[in-house]
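Student: The following block contains the structure, expressed as structure tokens.
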Amino acid sequence: MIFVHLIGHNFEYEVREMIRVFFFNEEVKFIDDLSEYKEDILIISKFNNRLGELVSITEIYDHSELVYEDHLDIDKIDIGRDDLHKKIRVGIITNLYNGLNTISPVKAPWGILTGVRPLKIVHDLLDKNYDYKSILDILIRGYKMFSEKAELLLDIAKKQRKYLYPLDEKRFSLYIAIPFCPTRCVYCSFPSCSVDKFGHFIDIYTDKLVYELDQLGNLMSEYNISTVYIGGGTPTAIPVRNLERIIHAVYRNFGQGNIEEFTVEAGRPDTINFQMLKMLKDNNIDRISINPQTMNDRTLELIGRKHTSSDIIKVYHMAKNMDFPVINMDIIVGLPSEGVEEIKNTLKVIEQLDPENLTVHTLAVKRGSKFKDVMDQYQLGEQNIINEMINETKFYAKKMKLEPYYLYRQKMMLGNFENVGYAKEGKECLYNIKMMEEKETIIAAGMGAISKIFYPEEDRIERVPNVKSLQEYMDRVDEMIERKRKFIS
């Protein structure tokens, strides 16, 4: 157990997240009285503001023996921002990072950053006209990032700018949630409903979703749509006629000619057949995802997939022969029982398929997944092995002429790494960029979908969630519409 005692500040959340980077599974307990500390590790984090001097002090004890102590002058920190509160927070976490870095064998390639969207820092600095060299210096020295990660962020940000700017408060993207899946994978934390148990609700859910889209068409009549993304769950887990109704509702309400990019997550190959692909192609869907996660049959069985790698290859070729402009494939690094050889096998097969997009996820052990409860039953790779696996994905992406175009992180990720989307030149997924960088309004429909209203003058996002329960969504769809109407109008 790790005990923590804070003095002079209340950055409990930030301190906890920083500790979790170095001590992935350790219990963290905050104490008000030092007498509660008995054994194991104690961290004392202090903030002093005396005569205008801002100082962070970190002390770390191991079984009551002082093993680290340092004072940090917060005024000397450069994060490219004048916000004093933020500077104090960064100073306290930086000092803590320095201490944890000396007592833990774990490396933190993202430095003190624990948030989902590290690219927002780079875009903010570019907006303030910082040059590339200054930005790298701030990322490496101010945020303690490894130079490789800092350079990756800058490269991706430069690629994204043309898709994000100029900002337009009247532009929006549309997300549609289809919460049904054939089965639930052990690592999944998304709201989803198995077809076996909830399939009898698919028709009424479709009715309610189409109704919400019709109302949103009126609500957004003075706005300009840019992209559409139908995700899940597994959208192709529902019958062809239902999915086609939803696509037609999009075109009826927002205009087919107005949409720059329309993605449907076909996702699992056990939900894809010729009829489904033909319907998507006939309806001008220009980007689909066929997500293997792995090309190793043993792992597919272990994680709860009801298909084989040969099924994936067969479905991919079927889609390729229909000339979909962009096919994305997702893989996950760090799946149970997988190491470097297994990821190489997956990548070799994908290299032969040659998709336009490849999204590389690092496994995140989330509270909402089955995997969180059973993770001790599986062999998970150590940080250096995960790093080797990620390096293989970079190597193969480069061979396939795929370049990184968007990136995000998740809490509880193996090895403190990241998720990266790769694309061939000109084949980047516009929705992924817009959604992840939060520089455009996202209007979301369906169970568990979260709208994000963007206010460019304040560089602020307002989250407007739909309920996560299938029955409640169907019963309260009018309320979900009114929630959005309040912010839009």
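The values are calculated or read from the model by the stated rules, or taken from the named source; none is laboratory data. Quick caveat, the model's predicted, so the values are computed rather than measured. A quick note on method: Cβ atoms are made from the backbone with ideal geometry, for glycine too, and the neighbour counts reach across all protein chains shown. Surface accessibility is based on the protein's heavy atoms, side chains included, excluding ligands, DNA and RNA. Shrake-Rupley method; radii C 1.70, N 1.55, O 1.52, S 1.80 Å.
Student: Which ones in segment 4-42 are outside any helix (DSSP H, G or I), over 30 Å from the mean Cα position of the chain (by Cα) and more than 17 Å from H85 (Cα to Cα)?
Tutor: Those that are outside any helix (DSSP H, G or I), over 30 Å from the mean Cα position of the chain (by Cα) and more than 17 Å from H85 (Cα to Cα): H5, I31, D32, D33, Y37, K38, E39, D40, I41, L42.
Student: Would you pick out the residues in segment 331-348 that are open to solvent by less than 40 Å² (accessible area, probe 1.4 Å) and out of contact with any Leu (no Cβ under 8 Å at 6 or more places or on another chain)?
Tutor: E338, G339, V340, I343, T346, L347
Student: Determine whether segment 161-178 contains at least one residue that is over 28 Å from P456 (Cβ atoms) and either under 20 Å from the mean Cα position of the chain (by Cα) or at pLDDT below 95 (or both).
Tutor: Scanning segment 161-178, I find at least one residue that is over 28 Å from P456 (Cβ atoms) and either under 20 Å from the mean Cα position of the chain (by Cα) or at pLDDT below 95 (or both), so the answer is yes.
Student: Restricting the search to segment 110-135, which residues are crowded, with 19+ Cβ neighbours inside 10 Å and more than 21 Å from L72 (Cα to Cα)?
Tutor: Correct list: P118, L119, I121, V122, H123, L125, I135.
Student: Further question: Just one of L66, L42, L34 is under 15 Å from G99 (Cβ atoms), open to solvent by 60 Å² or more (accessible area, probe 1.4 Å) and of a type outside the set (K, R); which is it?
Tutor: Testing whether each residue is under 15 Å from G99 (Cβ atoms), open to solvent by 60 Å² or more (accessible area, probe 1.4 Å) and of a type outside the set (K, R) leaves just L66.
Student: Something else: Sort out which residues of segment 195-221 are free of Cβ contacts under 8 Å to residues at least 60 places away in the same chain, in contact with a strand residue (DSSP E or B) (Cβ under 9 Å, 6 or more places away or on another chain) and open to solvent by 20 Å² or more (accessible area, probe 1.4 Å), and write them in order of number.
Tutor: Listed by number, the residues that qualify are V195, G199.
Student: Report, by residue number, each residue of segment 442-489 that is under 13 Å from Y205 (Cβ atoms), of a type in the set (S, T, N, Q) and buried (at least 16 other Cβ atoms within 10 Å of the Cβ).
Tutor: N466
Student: Which pairs turn up if I take residues in segment 106-129 that are assigned to a loop (DSSP other than H, G, I, E, B) and look for partners that are surrounded by fewer than 18 Cβ atoms within 10 Å (Cβ to Cβ) and of a type in the set (V, I, T) with beta carbon separation below 9 Å, at least 6 apart in sequence or on another chain?
Tutor: G111/I140
Student: Condition first: open to solvent by less than 50 Å² (accessible area, probe 1.4 Å), closer than 15 Å to H9 by Cβ and either aromatic (F, W, Y) or part of a strand (DSSP E or B) (or both). Can you find one or more residues in segment 76-92 that meet it?
Tutor: No, segment 76-92 contains no residue that is open to solvent by less than 50 Å² (accessible area, probe 1.4 Å), closer than 15 Å to H9 by Cβ and either aromatic (F, W, Y) or part of a strand (DSSP E or B) (or both).
Student: If I filter segment 147-159 for residues that are among the acidic types (D, E), assigned to a helix (DSSP H, G or I) and touching a strand residue (DSSP E or B) at 6+ places or on another chain (Cβ under 8 Å), do I get at least one hit?
Tutor: yes
Student: For segment 383-418, what are the residues that are at pLDDT below 95, acidic (D, E) and open to solvent by 60 Å² or more (accessible area, probe 1.4 Å)?
Tutor: Within segment 383-418, just E388 meets the criteria.
Student: Something else about it: Quick check on segment 138-151: of everything there that is touching a residue at least 12 places away in the same chain (Cβ under 8 Å) and not aliphatic (A, V, I, L, M), which residue is surrounded by the fewest Cβ atoms within 10 Å (Cβ to Cβ)?
Tutor: Among residues in segment 138-151 that are touching a residue at least 12 places away in the same chain (Cβ under 8 Å) and not aliphatic (A, V, I, L, M), the one surrounded by the fewest Cβ atoms within 10 Å (Cβ to Cβ) is E148.
Student: Looking only at segment 45-61, how many residues end up being surrounded by fewer than 17 Cβ atoms within 10 Å (Cβ to Cβ) and out of contact with any Leu (no Cβ under 8 Å at 6 or more places or on another chain)?
Tutor: 5
Student: Restricting attention to segment 357-382, report how many residues are out of contact with any helix residue (DSSP H, G or I) (no Cβ under 8 Å at 6 or more places or on another chain), part of a strand (DSSP E or B) and modelled with pLDDT under 95.
Tutor: Total meeting the criteria: 1.
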